[in-house]
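For reference, the structure is listed below as structure tokens.
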Amino acid sequence: MTSNLGITRTRIKVCGLTRSQDVRVCAQNGVDALGFVFYPPSKRFVSAEHAAELCADLPAFISTVALFVNPEPQAVQDVIRTLRPSLLQFHGDENSDFCAAFDVPYLKAFRVGGPGLDTAANVAKTCHAFSLAAGWLFDSYTPAFGGSGQGFDHALLSGVVSAHALPSESSPAHEAPRPMILSGGLNAQNARVALQTLAPWAVDVSSGVEDSPGVKSAQKIQAFVNAVHHASIDTRL
């Protein structure tokens, strides 16, 4: 499942941010991407206006990701206009045409182990319907659409090839596998094994760095970042 192109380091996304102090801690610890949840039933839900306030003083070269679950198009447009996110993330049952309709790069999340995604073959087949996504994000299946702290059987990703770089000239973007983003129950204690097994392009953490839903822990963020960085070094040795 690893790419023969190699990987220099594993990127890190922290999702479900709701507080300015947590945004600052992420930036100070070298987190690459910050995720904001625009799914009203979530305990980590923020308004577009609040997310924009949290990102007002964000340093350069940190991406912002707007997460949606089966949204109305206007809701997505409102967030794009207010926050101007680097990426959209679709975590529900959206099809590829819907995801690509907003002229913003997007991630497609797959709830591995759920209906239609309960075999390695089905996971791989479903992914390739989203061949224009900026990345494929693999999360555990829960009714709450993420943030549960539960993992999933990584063997279900055995049919997925992770792309660690841009496609070559002989492999057009619409035919190439997309970068793998691993989520679902990750924390500082289990990140090393997961990265050594799958060598993903990036990892996505939420509950694994929290004291309670939406309330991040500075110590847990730092520990998670350190664990991922050490695991990235190990995979290169």
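What follows is calculated from the coordinates using simple rules that are stated; it is not laboratory data. This structure is a prediction, so every number in the text was calculated from the model and none was measured. Using ideal geometry, Cβ is built from the backbone for each residue, glycine included, and neighbour counts are taken over all protein chains shown.
What is the fewest-to-most order of VAL79, VAL123 by other Cβ atoms lying within 10 Å of their Cβ? Display every interim value, and only then the final one.
Values: VAL79 25, VAL123 21.
By the 10 Å Cβ count, ascending, the order reads VAL123, VAL79.
Between TRP201 and MET180, the built amide H atoms are under 5 Å apart, and every one of these is 5 or more places off in sequence or on another chain. Looking at the calculated P(r) for the range 53-92, what percent of the C-alpha pair distances fall above 14 Å? Value for the range 53-92: 47 percent of Cα pairs lie more than 14 Å apart.
Looking at the P(r) of the range 11-236, how many percent of alpha-carbon pairs lie beyond 33 Å? The calculated P(r) of the range 11-236 puts 9 percent of pairs beyond 33 Å. Under 18 Å of direct C-alpha separation, and excluding same-chain neighbours fewer than eight residues apart, LYS108 reaches these lysines: LYS13, LYS125. In order along the range 24-36, phi translates into HN-Hα couplings of 5, 4, 4, 4, 5, 9, x, 5, 7, 9, 10, x, 10 Hz, rounded to whole numbers, per the Karplus curve 6.51 cos²θ - 1.76 cosθ + 1.60 with θ = phi - 60° and x for Gly and Pro.
Summing Cβ point charges (Lys, Arg +1; Asp, Glu -1) relative to the Cα centre of the range 11-236 gives a dipole of roughly 480 debye. Can you put HIS91, HIS50, HIS230 in order of Cβ neighbours within 10 angstrom, beginning with the fewest? Starting with the residue having the fewest Cβ neighbours, the order is HIS230, HIS50, HIS91.
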